[in-house]
Amino acid sequence: LRRGSFVAVQGLQAAPLFNGMWGIVVTEKNENDRWGVQLLDHSEGSWETDESKQVGGRVLAVKDANIQLQGRDSPHWTVEALGSSVFEAICTDPNLCHLDRCDELAQEVWNIFFETVPAAPLTLDDRYEMRKTLLEAKGHKIYWLALDAVQHHLMIEKCRGRYRVFQTNVKDEGPLGGYTAEEWCSLDGLPGRKVHQVYGGGLTVGDTEINQLLDLIVQLQNMPKVLLSDLLRNVPGVDQSSVHLLAKDPTALSKSDVEKGSEALQLASKWSHTVIQKVPLFGITTLNFLDDPVVIVQGNQKLFEIPQKRYSRVRDLYQGLTGQASLTPVVFVKMVNQGFWWENRRDPRDGGATGYGVRGADLGVRQSYEQGVEDAKILRERVKSFYTEPKT
C-alpha cells in the first residue's frame, strides 16, 4: 500500500455511505495511522442527489482496517470493450505511456475505441452550449479537445459526475520541461506543478475544477483579438486598415468589410503557414522575454514585436493549462495560422473544425466511423453557429 494505490473503503461505522467506494491513496499514513484516500466517484444508487455529489473527490482519513488494496481502477471507470480503464491503459501500454506529444496521445487513445471523425467547433463561452453539453453529459464519455491554435491537445473523461484529464507536453531541457503520459498519470511524476496536483495522477475532479480548466481555454481563445495588431503588423501584404475588422463580430460587418477582413485573414494564414514550414530549418526564437517589447524572430527575420505584458499573459495562461513553464513562440504564429474567426475554419480533408475543435464519444459503445460522424453532427447541432450571413 502506497501513494497511488487503488483501494476500496470498507467497514466504516460512522459513515457507511462510503463503504464499497473506490479511492486512490493520496497521502502516506500519518501519526494517527490513517491514510489519505481520495474517493474517485460518487456513491452507488442515487449518486446524482445533492448528498452523493458531495462524495466524489472527498479525501478520507482511514485506518488499514477500513481499506482493501485493489489491483485495478474503480469498476465504474472500466471500459468493457477494453477490460480496463482509460487511465490503466495509458499507464500500462508501452505504446501510450512513453508518449510526450499531446496530439499523438489523444489520437492513439481514440484509435483504441473509435475511428476518427470530423471535429466540431469548441465554443466554451456563455454564448454557446458546448460547456453545458460537457457538464450535463450522462454515462461514460470522453472528449478530445484539439487546441491547435495554441499547439495543445487534451482529453477529458467523464463518469458518474466526475472527470479525469489526460495530457502530455513535449519534453525539453529545464526544471519545468515537458512530460510523458506516464509522468502525468503518476501522483509523484510532476512535483511542484499545480495543474498536475489538481488534474493528474489518476485523480478525479468535479464541475468546479473542470470549469476552471475550460475558463483557461476561453481566455486563450480570446488572446488573438488582444494581440491582433501586434501579430499582423509584420505580415507582408496585409492592409493595416483592415486589421481592426478582424477583431469584430463578423455579423456586425457589411459584406464588403467581411470580404476585406477575409482577404487579410487569408494572406496572414498563408504567410504563417510558410513560417511554420520553415520551423525545422530555422526554428522560432524569443529574444529575451524580459524585454519590452518581446521580439520573436525566425533566423534573421523579425516576425513580431509583442508587448511584454501581453506575452507574459499568454505564457501564464499556457502554464496554467499545461504546467509548462516555457512558452514556445510558435504558439503566436499558430494563432495567426488558425485565424481570428476560428469558428469558421475547417480542415479541408474532412470538414472538421480547426484551431479549437472537439470530438466527443460514448465509452460504452465501440463506434464505427458512420456512428461517429452521426454523433459529430449531433454535437455540432448543439453548438450554436457563430457565423451568420453578414449584414448588407
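List of remarks:
- Candidates are the residues of the stretch 257-273 that are among the hydroxyl-bearing types (Ser, Thr, Tyr) and within 27 Å of the chain's Cα centre (by Cα); the one that is surrounded by the most Cβ atoms within 10 Å (Cβ to Cβ) is Ser272.
- First in the stretch 242-253 and modelled with pLDDT under 75, second anywhere and assigned to a helix (DSSP H, G or I) and open to solvent by 30 Å² or more (accessible area, probe 1.4 Å), Cβ under 6 Å, 6 or more apart: Ala247/Lys225
- Residues of the stretch 79-118 classified as part of a helix (DSSP H, G or I) and open to solvent by 50 Å² or more (accessible area, probe 1.4 Å), total: 7
- In the stretch 207-241, the residues that are in a loop (DSSP other than H, G, I, E, B) and open to solvent by 10 Å² or more (accessible area, probe 1.4 Å): Arg233, Asn234, Pro236, Gly237, Val238, Asp239
- Subset of the stretch 141-195 that is assigned to a loop (DSSP other than H, G, I, E, B) and β-branched (Val, Ile, Thr) - its residue that is most open to solvent (accessible area, probe 1.4 Å): Val170
- Among the conditions (1) without any contact (Cβ under 8 Å) to a residue 40 or more places away in the chain; (2) acidic (Asp, Glu); (3) out of contact with any Asp or Glu (no Cβ under 9 Å at 6 or more places or on another chain), the only one that Glu263 does not satisfy is (3).
- Contact map, the stretch 25-39: first residue outside any loop (DSSP other than H, G, I, E, B) and at pLDDT 90 or above, second residue surrounded by fewer than 16 Cβ atoms within 10 Å (Cβ to Cβ) and of a type in the set (Val, Ile, Thr), Cβ cut-off under 7 Å, separation 6 or more or different chains; pairs are Val26/Val59; Trp35/Thr27; Gly36/Thr27; Gly36/Val59; Val37/Val59; Gln38/Val59.
The values are calculated or read from the model by the stated rules, or taken from the named source; none is laboratory data. This is a predicted model, so every value here is computed, not measured. All Cβ positions, even for glycine, are placed from backbone atoms using ideal geometry, and neighbour counts span all protein chains on display. In case anyone asks, the SASA skips ligands and DNA or RNA and just uses the protein heavy atoms, side chains included. Shrake-Rupley method; radii C 1.70, N 1.55, O 1.52, S 1.80 Å.
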